[in-house]
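One structure below.
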Amino acid sequence: MGGRTLGATWTVRDVLNWTRTYFKEAGIVQPRLEAEILLAHTLSVDRLHLYLAPDRPLSPEERARYREVVKKRRQGTPLQYLIGEVQFLGLRFRVRPGALIPRPETEEMVMRALRLLPRDQDTACLDLGTGSGVIGVCLAKYLPRVSVTAVDVSAEALELAKENADLNGVSDRIEFLQSDWFERVEGKFDLIVSNPPYVPR
């Protein structure tokens, strides 16, 4: 890193300053923030800890792990895939390749769905193309009487969505179904929601 010898002592402050410059040169929009997030993840601490212990030296193993994620980020791997999670409407979700990272406009769509469905009545919602499950999980979390059918053609995406339902304590109110859109879907729904991937022309 940065031309210093492999045996040199690198502190939290040193690493963050170096990474900020490295990311800025690569055109990463928030280089300092991303450096902090990746270092906190590598050290298994929260970001506040980095400010409380700026002179803490990194072990050779920690430097090696951090160097690897920094390299992948500079090469274009999304930050969320590197740390394995994302925050969405106040909830924590696991993410990994095989299911797209939730887009910002998805939050607005979920907010609209929450306004449309009553909190005090039993309702049924169909989440088409659930991906990581953020839509269905949020609806089940914030609407205590909703039941969700979450559909995706990808078994890998459905497995991730199930993990996120468990993580947020709503797996008992979500049915997961592997289906190509409506192909295997049965029943009636009060609301159908979907935010599929962008399709190139």
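Here are the numbers for the structure shown:
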item	result
Condition met for Q87 (in contact with a strand residue (DSSP E or B) (Cβ under 7 Å, 6 or more places away or on another chain), within 30 Å of L143 (Cβ to Cβ) and free of Cβ contacts under 8 Å to residues at least 24 places away in the same chain)	no
Selection count where residues are part of a loop (DSSP other than H, G, I, E, B), of a type in the set (S, T, N, Q) and touching a strand residue (DSSP E or B) at 6+ places or on another chain (Cβ under 8 Å), scope segment 155-201	2
Members of segment 7-35 found to be in contact with a Leu (Cβ under 8 Å, 6 or more places away or on another chain) and not basic (K, R), listed by number	W10, T11, V12, V15, L16, T19, E34, A35
Subset of segment 57-94 that is among the small types (G, A, S) and under 19 Å from the mean Cα position of the chain (by Cα) - its residue that is farthest from L167 (Cα to Cα)	G76
Neighbours by Cβ (under 7 Å, 6+ apart or cross-chain): first from segment 124-139, within 11 Å of A165 (Cβ to Cβ); second among the polar types (S, T, N, Q) and in a loop (DSSP other than H, G, I, E, B)	G136/T130; V137/N168
L139 being surrounded by 18 or more Cβ atoms within 10 Å (Cβ to Cβ), touching a helix residue (DSSP H, G or I) at 6+ places or on another chain (Cβ under 8 Å) and over 18 Å from L158 (Cα atoms)	no
Helices (runs of 4 or more DSSP H) (entirely within segment 29-117) containing at least 2 residues that are surrounded by 14 or more Cβ atoms within 10 Å (Cβ to Cβ) and basic (K, R)	60-74
E163, sole failed condition from (1) at pLDDT below 95; (2) crowded, with 16+ Cβ neighbours inside 10 Å; (3) among the acidic types (D, E)	(1)
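The values are calculated or read from the model by the stated rules, or taken from the named source; none is laboratory data. Here the structure is a predicted model, which is why all the values come from computation and not from measurement. In this analysis, Cβ positions are derived from the backbone assuming ideal geometry, glycine residues included, and neighbour counts consider all displayed protein chains.
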